[in-house]
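Note sheet for the following structure.
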Amino acid sequence: MAHQDVLDWLAAHAPDVPVIIPGASTATVAEAAAALGVEPGRIAKSLAMRVNGEALLLVTRGDARLDNQKCHAALGGKPRMLDAAETLALTGHAVGGVCPFGLKTPLPVWLDVSLRAYASVFPAAGSRESSVEIAPQRLADLLAKGWVDACKLPDETPISG
């Protein structure tokens, strides 16, 4: 029912945002980019985690990696990724289709500033075969608690120390 929950949520809150079903898997960043014909950075991946015991979603661009130091500074604690069972229980979405729409449990949704590099991004739509195209600011206006700088991009050199 996760996909239907997303459809219902979009119908109620963003009826102008169509669901895209490309006819191929969108479960991973690489699969989604290939299926949608876009660069991996434009795939908006939703990371389910806990920080200081609070479950949340962090939506970031597909080619970014979570940076523990940045995440700690932005969200106030060390991130711990949820396992597949807890992700499904809290979001209602299975791994590969996790998105910030139609959540089973109200969770804070944070957007990583890396998404702002694109005019539009492609988050999942509650299944491993669906997506939506949406402007990052529209995504923020619809459901985000705020913007954070919690990830590093592929061209950023890791800080040694």
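General remarks:
- Top-ranked residue in region 108-148 [being farther than 22 Å from LEU7 by Cβ and polar (S, T, N, Q); ranked as surrounded by the most Cβ atoms within 10 Å (Cβ to Cβ)]: SER114
- Pick from region 8-29, criterion in contact with a helix residue (DSSP H, G or I) (Cβ under 8 Å, 6 or more places away or on another chain) and β-branched (Val, Ile, Thr), ranking: surrounded by the most Cβ atoms within 10 Å (Cβ to Cβ): THR26
- Looking across region 92-138 at every residue that is aromatic (Phe, Trp, Tyr) and under 11 Å from the mean Cα position of the chain (by Cα), the one that is modelled with the lowest pLDDT is identified as PHE101.
- Within region 33-45, the set of residues being over 13 Å from the mean Cα position of the chain (by Cα) and either over 14 Å from GLU133 (Cα atoms) or not in a helix (DSSP H, G or I) (or both) comprises ALA34, GLY37, VAL38, GLU39.
- Residues of region 37-96 that turn out to be surrounded by fewer than 17 Cβ atoms within 10 Å (Cβ to Cβ) and in contact with a Gly (Cβ under 7 Å, 6 or more places away or on another chain), as a count: 1
- Pairs are defined by a Cβ separation below 6 Å, a sequence spacing of at least 6 or placement on different chains, a first member in region 77-96 that is under 23 Å from ASP67 (Cβ atoms), and a second member that is assigned to a helix (DSSP H, G or I); the pairs so defined are LYS78/HIS72; PRO79/CYS71; VAL95/ALA84; VAL95/THR87.
Residues are listed down the side, and each one gets a yes or a no for (1) basic (Lys, Arg); (2) within 17 Å of LEU115 (Cα to Cα); (3) in contact with a Ser or Thr (Cβ under 9 Å, 6 or more places away or on another chain):
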site	(1), (2), (3)
VAL6	no, no, yes
ALA35	no, no, yes
GLY41	no, yes, yes
LYS45	yes, yes, yes
LEU57	no, yes, yes
ARG65	yes, yes, no
HIS72	no, no, no
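- Out of ALA30, ALA48, sole residue that is among the small types (Gly, Ala, Ser) and outside any strand (DSSP E or B): ALA30
- Any hit, region 99-106, residues being under 18 Å from PRO18 (Cα atoms), among the small types (Gly, Ala, Ser), crowded, with 16+ Cβ neighbours inside 10 Å and in contact with a helix residue (DSSP H, G or I) (Cβ under 6 Å, 6 or more places away or on another chain): yes
- Selection of region 1-27 for residues being of a type in the set (D, E, K, R) and either outside any helix (DSSP H, G or I) or more than 28 Å from ALA150 (Cβ to Cβ) (or both) yields ASP8, ASP16.
- Odd one out for ALA33, checked against (1) buried (at least 20 other Cβ atoms within 10 Å of the Cβ); (2) touching a Pro at 6+ places or on another chain (Cβ under 6 Å): (1)
The values are calculated or read from the model by the stated rules, or taken from the named source; none is laboratory data. Here the structure is a predicted model, which is why all the values come from computation and not from measurement. Positions of Cβ are backbone-derived with ideal geometry, glycine not excepted, and every protein chain shown enters the neighbour counts.
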